[in-house]
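For reference, the structure is listed below as structure tokens.
The values are calculated or read from the model by the stated rules, or taken from the named source; none is laboratory data. Please read all numbers here as calculations on a predicted model, not as lab measurements. Heads up, the Cβs are rebuilt from the backbone with ideal geometry, glycines too, and the neighbour counts pull from every protein chain shown. For accessibility, only protein heavy atoms count, side chains too; no ligands or nucleic acids. Shrake-Rupley method; radii C 1.70, N 1.55, O 1.52, S 1.80 Å.
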Amino acid sequence: MLPTFRSTTLVRAAASMLVLMAGCASEMEGPLSTGVARTSTPDPTVVPSAQPRPIGLVAIGHSFMTGEGSAAGLTGEPIPENSWATGTNPEVNSIYLRMVEAIPETGRNVANVARGGAAVTDLPAQVNTALFVVPHPRLLLLRAIDNDIRCDGSDEENVVEFGETLAQTLAIVAEKSPETTIIVLGQLASPASDAAQFEDLPDVRQALGGTGMCDFFDPDGELVPEALDTLTAIIGMYEAEQQRVCAEVPQCITDPVAEDAFEHRLEYVSDDYSHYNVVGQAAVAEHLWPTVAEALGIGQ
């Protein structure tokens, strides 16, 4: 997955390979479920005397969380078992599997309700669903931004609304599960690193090209530096607002790893050129695990 590549021409097409991210809840059950978890249905008439000890993991956001693109020939389909966040595929060795190893009671206390194409306005409903399934998770992983980027001149105004809705989402977690650690993820790679992946693939550059203000390849596949700079600046606005909102919630942290610390390789890219394959999903899990382990105070 190439999370920072935005083509305004292709985004307007509903089936565009550059419509970024998403997620889908799986309803599998088992010792290591990636979808609806094991928890019993909460009784709304019972008020607990104390906050239960947080256990488990939930993920909300868009297709960056769902394993989309990780299987050949299934473009646009979530592949929950391959999710770097909650997947059960040993080849990925997801954050969930690593948490189960470190904290065995995490097993089956997991929910991934991310959805392909989701924007920040989808997050309040997602987080309510996730916390119904796993009422007091140890960790909540959140990824937004990508589908909120407009690249039509209105992003500066939209950033304000983005921040307000993100704050609403975090407030829901703080009220319902104040001991849950929230990690709000930023971009793993810059637009420049995304563009560099296709330096030796002229056909791909041309296919991804457009004429919008953020299309850093033109229709001939040539790099457009001005558009690259524009997109980089727009992403920076959203990330800064995300960091500001997160900083106001004591249990929330943003991923502190510098974006250039993730080695972005073409071998990670899926067939749709917008997501990560199994190798890439595994690389993301490996990259983010130290941040999770430190945040939770567990060994790596």
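Is it the case that some residue within the range 211-233 is polar (S, T, N, Q), closer than 30 Å to Leu141 by Cβ and open to solvent by 80 Å² or more (accessible area, probe 1.4 Å)?
No: zero hits.
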- prompt: Assuming Ala261 fulfils every condition listed in (1) free of Cβ contacts under 8 Å to residues at least 40 places away in the same chain; (2) more than 24 Å from Arg138 (Cα to Cα); (3) open to solvent by 70 Å² or more (accessible area, probe 1.4 Å); (4) of a type outside the set (Asp, Glu) apart from one, which condition is it?
  reply: (3)
query: Residue check: is Asn93 touching a helix residue (DSSP H, G or I) at 6+ places or on another chain (Cβ under 7 Å) and open to solvent by 10 Å² or more (accessible area, probe 1.4 Å)?
result: yes
field: helices (runs of 4 or more DSSP H) enclosed by the range 140-218 - at least 1 residues per element that are touching a Lys or Arg at 6+ places or on another chain (Cβ under 7 Å)
entry: 155-176
- prompt: Is there a residue in the range 279-295 that is aliphatic (A, V, I, L, M) and in contact with a Cys (Cβ under 7 Å, 6 or more places away or on another chain)?
  reply: no
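What number of residues within the range 264-280 satisfy the criterion of being open to solvent by less than 60 Å² (accessible area, probe 1.4 Å) and in a loop (DSSP other than H, G, I, E, B)?
Final tally of qualifying residues: 6.
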